[in-house]
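> So that we are looking at the same thing, I have put the structure below in structure tokens.
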Amino acid sequence: MSDDEVKPGTGENSAAPDPAAKAAGPAGAAKRPMPRPPEEPKRRALQSGTAEAEDEDEDDEDDEEEDDEDDDGPVVYTAGEAAGALRGVFSFTWPHLGPHRLGIALVGLGLLVEMAFNVLMPLSLKYLLDEVFEDKDRSELIFILSVLGIAGIITSVVAIWYEWIDAKVTAAITTDVRRSLFEHIQKLPLSFYERHRRGEILSRFSNDMTTYEEAVIHFANWGALPLLELLAGIALLIYLNTELGLLALLIIPIALIGPRLLTPKAVAASYEVKRAQAGELGVVQENIGAQPVVKAFGLVRISQLWFGQRNSVLRAAQARSTFLNTMVERSITIVVLWLHLIVLAIGAYLTFNDVITVGTFVAFEAVFWEITYNLNHLTQYIPVVIDASGAVRHMRDVLDEPIRVSDRPNAVECPRIEREIGFQGVRFSYGGEGAQIDGLDLAIPAGTRVAIVGPSGAGKSTLLSLLLRFHDPQRGRVTIDGVDIASVTRDSLRAQMAVVFQDNVLFHTSLRENIRLGALEASDAEVEAAAKKAEIHKFIMSLPAGYDTIVGERGETLSGGQRQRIAIPRALLRDPAILLLDEATSALDQTTEAAINRTLKKIGRGRSLLFVTHRLTSVADMDEIIVMEAGRVVQRGDHATLMRKRSGLYRKLWNDQMRASAEDDDD
């Protein structure tokens, strides 16, 4: 673990099992292997998706490691752990209860009032049968009915009152949980997002939160109130007739035998459902994002196959989980049915022989039915809690991920660059045997325009990633004016930088607000000034809504070139001392690329400009060109100097690109 990570918990992290091998089964051994659903790509550089392809052998090893993780069996629960499903949900919720203590207390008071009324009813019934009806006392009858009527009105008003408070409290609690989950994923390092599909992360906010919310929202009426009335009913049974009450109490230990045996399996099955749902959501999310590729390459059938494999795993997991949850409830109802028949027979016998009064027998039956009713409520709530326990465990998998500490305790503000950017003996690896940067020594003078070129996998984008502190090197230092950037605050470091990625993400808001994200305090005039410098102002004003135009999710309503153009003023608005361009124009046509390159070079004057690209024609007029290979600098100089070295890598790359361009022109 790197210095900037801390382990906040000890929860296990296990990847969702890959369904492809299971779906094929033994019968498929002699057939051609089934295509596997695509896994999340191992992104090897910036979050923008501009990472270079790394060594294939390393990727294969990573895939094998993932497969080994996927083959891990489900978590095994002991009976004690399973019986504590409610305790697990409660412990997860406990940190969020503090601000709502008053509301929770008022809900508890309302529950006690409702419980008291439900206890009063069978006692009133006994009194009516044994005293009022026996003595034909009309005044007592009117008094009892009046008391019950008034108590009923009060209880109804109290019930509505505490239900409203409960609704507000539970909504606030689940909102707090959702916020803490979102805040936590903001603190996770990029390596977490490189290891997990977006759909699997989103499942925590959709499937898991929905399941957890159901347990929290229904706790008062399905859990707390039935439990209170169950305890009050037990006390009332013993009060009415000790011997018969103690016999009726056998219902509790015997009824819990089934849940004790079945709940461990039900909890584990529920957790497997959550993992299967996350896997399926990941496939759907990936497919939606890749629709142009799916349609262009005719991948509908293979996409359906991938989804079908995940869906089959989910179907089997849901069937098992639903059956086990139902059996937890059914085992209790069967026991209650037979014990009720026994208690009814004995009570009828005692009443027939004048051992107990008719009022006592009827009241006893009413209380027993109330206990049965509440026990049924509790048994219906148990599967909800079991599902919530699985959801909580799935959310804990993310919450227990190591977070990136914002800064070191003694971190200082990063000085604005005046002299140079330095890499001193830097080594960095994403994992595996090979290193993406190995023994890098490099000094880049401030205020120069520098291009970083080289073949795929050379470590170009990784170099920018280290400068931005998306990752920290395992060895060596990255410095600004001699100050190790690991010793400064990330905010102050990144405040003097701006990045234009190959695939720039725009948010689902207006063009104005997308540009303003570069500097949130910028005025509308400053936003428009940045757009004019980036030569995109005229285009924006040509739109019907101008700067208020909504760009759609990820800016999909704009072309690639237009998205790049919007990203430039966003970067400019930061007034960066260091401007980083990571394959900023490589996905564009040559005309658009040339126009954007002119703009980028113009706005880069007076700043330190680092331009990562594989298109050498874009960097021929740079102050200096740094050529990388296998994580090291192998050449540096201006274009003319590098071209004079006949055996140099730069000249070879240039000639290869010129030859490929000539062949394209001939075609």
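The values are calculated or read from the model by the stated rules, or taken from the named source; none is laboratory data. Worth saying up front: this structure is predicted, and the values here are computed from it rather than measured. FYI the Cβ positions are ideal-geometry reconstructions off the backbone, even for glycines, and counts take in every protein chain you see. SASA here: full protein model, heavy atoms, side chains in, ligands and nucleic acids out. Shrake-Rupley method; radii C 1.70, N 1.55, O 1.52, S 1.80 Å.
> I'd like to check which helices (runs of 4 or more DSSP H) are fully inside the range 167-275 and have at least 2 residues that are more than 19 Å from the chain's Cα centre (by Cα) and either over 22 Å from residue 402 (Cα atoms) or of a type outside the set (S, T, N, Q) (or both).
By residue number, 209-217, 225-240, 242-248, 251-255.
> Which residue out of 320, 330, 416, 315 is of a type in the set (D, E, K, R), surrounded by fewer than 18 Cβ atoms within 10 Å (Cβ to Cβ) and not in a helix (DSSP H, G or I)?
None of the others qualify; the one that does is 416.
> Looking at this structure, is residue 343 in contact with a Leu (Cβ under 8 Å, 6 or more places away or on another chain), open to solvent by 40 Å² or more (accessible area, probe 1.4 Å) and part of a helix (DSSP H, G or I)?
When the stated conditions are applied, residue 343 does not pass them.
> So which residues in the range 465-496 are within 21 Å of residue 452 (Cβ to Cβ) and in contact with a Pro (Cβ under 7 Å, 6 or more places away or on another chain), if there are any at all?
Passing the criteria: 466, 480, 481, 496.
> Can you find a residue that is farther than 26 Å from residue 417 by Cα, in contact with a Leu (Cβ under 7 Å, 6 or more places away or on another chain) and not in a loop (DSSP other than H, G, I, E, B) anywhere in the range 614-633? I'd like the intermediate steps shown before the answer.
Within the range 614-633, the subset farther than 26 Å from residue 417 by Cα is 614-617, 629-630.
In the following step, the residues that additionally are in contact with a Leu (Cβ under 7 Å, 6 or more places away or on another chain) were identified as 616, 629.
Next, from what is left, pick out any that are not in a loop (DSSP other than H, G, I, E, B): 616, 629.
So far as the range 614-633 goes, yes, one or more of its residues are farther than 26 Å from residue 417 by Cα, in contact with a Leu (Cβ under 7 Å, 6 or more places away or on another chain) and not in a loop (DSSP other than H, G, I, E, B).
> Taking into account only those residues within the range 196-214 that are open to solvent by less than 50 Å² (accessible area, probe 1.4 Å) and either in contact with a strand residue (DSSP E or B) (Cβ under 6 Å, 6 or more places away or on another chain) or of a type in the set (Asp, Glu) (or both), which is farthest from residue 396 (Cα to Cα)?
Out of the qualifying residues, it is 213.
> Continuing with this model, one more query. Go through the range 421-525 and tell me which helices (runs of 4 or more DSSP H), entirely inside it, have 1 or more residues that are open to solvent by 40 Å² or more (accessible area, probe 1.4 Å).
Once the helices (runs of 4 or more DSSP H) in the range 421-525 are filtered for at least 1 residues that are open to solvent by 40 Å² or more (accessible area, probe 1.4 Å), what remains is 490-495, 511-516.
> Right, here's the next one. Scan the range 371-413 for residues that are open to solvent by 20 Å² or more (accessible area, probe 1.4 Å), within 30 Å of residue 465 (Cα to Cα) and among the β-branched types (Val, Ile, Thr) and report the count.
Number satisfying all stated conditions: 3.
> Among the residues of the range 89-144, which ones are assigned to a helix (DSSP H, G or I), of a type in the set (D, E, K, R) and more than 25 Å from residue 162 (Cα to Cα)?
Answer for the range 89-144, where residues must be assigned to a helix (DSSP H, G or I), of a type in the set (D, E, K, R) and more than 25 Å from residue 162 (Cα to Cα): 126, 130, 131, 134, 135, 138, 140.
> Let me ask another. Taking only the range 95-128 into account, find how many residues are of a type outside the set (Gly, Ala, Ser) and within 21 Å of residue 241 (Cβ to Cβ).
The total comes to 10.
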